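Chemist: Got a structure for you, written out below as structure tokens; questions coming shortly.
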Amino acid sequence: MDHGQLSMIADKFQWVFSESLLNACAKDVRFGKRQRIITPFRLGLALTTTCASQSVETIADFHCAFNACWGTTVTYKAFYNQLAKPHFADFARTMTERLISDMTLKVLGFEKGRAFGEFRHIILQDGSSFAIHDGLREVFPGRFKTVKPAAVELHTTMDLLCDVPTTVVLTPDTANEQAFLPEPASLRDSVLLADRGYIDLHYLRRVQDAEGCFLIRAKAGMNPQVVEAFREDGTRLQSLRNKRLKVIHTKLPKRQRVELGVQWQVDGHTLCLRLIVSWNPRSKSFCYFLTNLPPKRYPLEVICRAYKWRWQVELLFKEWKSYANLHAFDTTKVAIVEGLLWTAIAAAALKRFLAHMTQRLAEVPISTRKMAMCARHVLSNLVEALQHGEVVGLYAALEAAITYLACHAQRAHPTRDRHRGRSQLGLEPFFGDDDVIE
């Protein structure tokens, strides 16, 4: 184990969960002006570690956990009143954003020369929504008003190579998801993977102009001009060329995938892209992938396999909901709803950092799901050290956590990952000595 890196990680823990810093952050957002027993530091640490280590169904569970964590006898009313303050949500969001930005490590990478190895970032974009208390229908209207009159959506941008979200935005479920795509300029030397709900030709043209790349599942109703067509075996399909897609749709082969060169007129410019078409026998429909990745380096087979990486953001959402208590609580207080959602995301980010820290220092591939499930076995000692600001105690707790997780949270099937999972295109665990990714 590299004790130099372990010391750096211990410093980061102390920085992110610093009492003076968390209290200062709260002051900046005008939360916790009168700091008595329930200080922002105590509240933030207790809520985050509670979400990370146990199942929480009610606000009363948080209240009990807070008193157990700090050895206090705070009444439920006093605790509830702190959460109900309007600026509690701002404090929780700020704490979560700092935790995500300051505790991020590169954990996946490609060997030099492999496809996708030239990109600085592989960005995944998606959103996850769920219903909340019906009494919040005016603040957070849902798309399905009969079944779920009130719902929220978490618009998430994830960096695949760091295996963490970089940006999370909380909105009503009715918000347009395309508005939360990354800025085109930020995608320079990067590739964006997104589902078909994010198709916007104007946005894609701006990404291409910014020297960024994308791989997006396309909608079936598009009707570009087809200028070139090749079957998977390399055969040129002359009969499909120079026609609209809807005209040739019924003539597309089903036994082999097809690559089409297509173009649109967008903002007075010609947008030329590759459209990969694949027949799905289960749904009995065609599946479309739109990309501007160069065909020589990224042939049809590589494109179809690479899109499967987008599943990692779905696994992130599942982790939030299954192992970090991201769910609706029985309250109509907006601050409590938002604040506890941010706290759950902070808890999940903390556990992912523990997994990534272990992978880097123990040099073994770690399963974030296993880590999420067994975090309670290592968090108690870490929390105790953070409570008292003990540098030596925190260092010892981190060393013990790494030893435990390296044994009990390893990925079960690394060979299967290389053949069928996320590593099949050479995406492997990274054990380098790079510091935090900016």
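Chemist: Within the stretch 183-205, count every residue that is in a strand (DSSP E or B) and either open to solvent by 10 Å² or more (accessible area, probe 1.4 Å) or modelled with pLDDT under 95 (or both).
Modeler: 1
Chemist: Could you grab me the full set of residues in the stretch 218-229 that are modelled with pLDDT of 95 or more and not in a loop (DSSP other than H, G, I, E, B)?
Modeler: Gln225, Val226, Val227, Glu228, Ala229, listed by residue number.
Chemist: Suppose the filter is touching a residue at least 12 places away in the same chain (Cβ under 8 Å) and either out of contact with any Asp or Glu (no Cβ under 6 Å at 6 or more places or on another chain) or more than 27 Å from Leu405 (Cα to Cα) (or both); does Cys69 pass it?
Modeler: yes
Chemist: Quick one: how many residues across the stretch 9-22 are surrounded by 14 or more Cβ atoms within 10 Å (Cβ to Cβ) and under 30 Å from Phe431 (Cα atoms)?
Modeler: Residues meeting the conditions: 8.
Chemist: Taking interchain pairs and intrachain pairs at least six residues apart, which have beta carbon atoms under 9 angstrom, with the first residue in the stretch 159-180 and within 21 Å of Thr104 (Cα to Cα) and the second of a type in the set (Gly, Ala, Ser) and in a loop (DSSP other than H, G, I, E, B)?
Modeler: Val169/Ala175
Chemist: Only one of these conditions is not met by Val302: (1) within 30 Å of Gln410 (Cβ to Cβ); (2) among the hydrophobic types (A, V, I, L, M, F, W, C); (3) under 16 Å from the mean Cα position of the chain (by Cα). Which number is it?
Modeler: So the condition that Val302 fails would be (3).
Chemist: Test Thr96 against the criterion of being part of a helix (DSSP H, G or I), among the β-branched types (Val, Ile, Thr) and touching a Ser or Thr at 6+ places or on another chain (Cβ under 7 Å), and give yes or no.
Modeler: Considered against the rule, which asks whether it is part of a helix (DSSP H, G or I), among the β-branched types (Val, Ile, Thr) and touching a Ser or Thr at 6+ places or on another chain (Cβ under 7 Å), Thr96 comes out as no.
Chemist: Additional query: Report yes if Val364 is assigned to a loop (DSSP other than H, G, I, E, B) and open to solvent by 10 Å² or more (accessible area, probe 1.4 Å), otherwise no.
Modeler: Answer is yes for this residue.
Chemist: Something else about it: What's the total number of residues in the stretch 141-153 that are of a type outside the set (A, V, I, L, M) and open to solvent by 40 Å² or more (accessible area, probe 1.4 Å)?
Modeler: So the answer is 5.
Chemist: Regarding Thr331, is this residue of a type in the set (S, T, N, Q), surrounded by 17 or more Cβ atoms within 10 Å (Cβ to Cβ) and not in a helix (DSSP H, G or I)?
Modeler: yes
Chemist: If you go through the stretch 383-427, how many residues are at pLDDT below 90, open to solvent by 50 Å² or more (accessible area, probe 1.4 Å) and either of a type in the set (Ser, Thr, Tyr) or touching a Gly at 6+ places or on another chain (Cβ under 8 Å) (or both)?
Modeler: Residues in the stretch 383-427 being at pLDDT below 90, open to solvent by 50 Å² or more (accessible area, probe 1.4 Å) and either of a type in the set (Ser, Thr, Tyr) or touching a Gly at 6+ places or on another chain (Cβ under 8 Å) (or both): 2 in total.
Chemist: Run down Arg98, Arg30, Arg93 and say which single residue is charged (D, E, K, R) and at positive phi.
Modeler: Of the residues listed, the single one that is charged (D, E, K, R) and at positive phi is Arg30.
Chemist: Could you look through the stretch 206-221, keep only residues that are without any contact (Cβ under 8 Å) to a residue 60 or more places away in the chain and either of a type in the set (D, E, K, R) or farther than 11 Å from Asn292 by Cα (or both), and pick out the one that is surrounded by the most Cβ atoms within 10 Å (Cβ to Cβ)?
Modeler: Arg206
Chemist: Can I ask one more? Give all pairs with beta carbons closer than 7 Å in which a residue from the stretch 102-121 that is without any contact (Cβ under 8 Å) to a residue 40 or more places away in the chain and under 12 Å from Leu160 (Cα atoms) meets a residue that is open to solvent by 60 Å² or more (accessible area, probe 1.4 Å) and outside any loop (DSSP other than H, G, I, E, B); count only pairs at least 6 apart in sequence or on separate chains.
Modeler: Listed pairs, sorted by first residue: none to list.
Chemist: Filtering the stretch 168-182 down to residues that are farther than 10 Å from Phe140 by Cα and not aliphatic (A, V, I, L, M), which residue is most open to solvent (accessible area, probe 1.4 Å)?
Modeler: Step by step, filter the stretch 168-182, then rank; the result is Asn176.
Chemist: To continue, here is another question. Kindly provide the set of residues from the stretch 103-140 that are open to solvent by less than 30 Å² (accessible area, probe 1.4 Å) and outside any loop (DSSP other than H, G, I, E, B), ordered by number.
Modeler: Passing the criteria: Leu108, Gly109, Ile122, Ile123, Leu124, Gln125, Asp126, Gly127, Ser128, Phe130, Leu136.
Chemist: Looking at (1) surrounded by fewer than 19 Cβ atoms within 10 Å (Cβ to Cβ); (2) in a helix (DSSP H, G or I); (3) of a type outside the set (D, E, K, R), which is the only condition Ala372 fails?
Modeler: (1)
Chemist: Looking only at the stretch 237-279, which residues are hydroxyl-bearing (Ser, Thr, Tyr), in a strand (DSSP E or B) and free of Cβ contacts under 8 Å to residues at least 24 places away in the same chain?
Modeler: Residue satisfying the conditions is Thr270 alone.
Chemist: Any residue that is touching a Pro at 6+ places or on another chain (Cβ under 7 Å), open to solvent by 10 Å² or more (accessible area, probe 1.4 Å) and under 21 Å from Leu350 (Cβ atoms) - is there at least one of those in the stretch 40-54?
Modeler: No, there is no match, as no residue in the stretch 40-54 is touching a Pro at 6+ places or on another chain (Cβ under 7 Å), open to solvent by 10 Å² or more (accessible area, probe 1.4 Å) and under 21 Å from Leu350 (Cβ atoms).
Yes/no matrix, rows are residues, columns are (1) under 30 Å from Thr157 (Cβ atoms); (2) at pLDDT 95 or above; (3) open to solvent by less than 50 Å² (accessible area, probe 1.4 Å):
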site	(1), (2), (3)
Phe62	yes, yes, yes
Ala68	no, yes, no
Val74	no, yes, yes
Tyr80	no, yes, no
Met95	yes, yes, yes
Ser101	yes, no, no
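Chemist: Is it the case that some residue within the stretch 23-37 is open to solvent by 40 Å² or more (accessible area, probe 1.4 Å), closer than 19 Å to Glu384 by Cα and modelled with pLDDT under 95?
Modeler: Within the stretch 23-37, one or more residues are open to solvent by 40 Å² or more (accessible area, probe 1.4 Å), closer than 19 Å to Glu384 by Cα and modelled with pLDDT under 95.
The values are calculated or read from the model by the stated rules, or taken from the named source; none is laboratory data. In this text the structure is predicted, and so the values were computed from the model without any measurement. Backbone-built Cβ (ideal geometry, glycine too); neighbour counts: all protein chains shown. When the accessible area is computed, the model is the full protein with side chains, heavy atoms only, and any ligands, DNA or RNA have been set aside. Shrake-Rupley method; radii C 1.70, N 1.55, O 1.52, S 1.80 Å.
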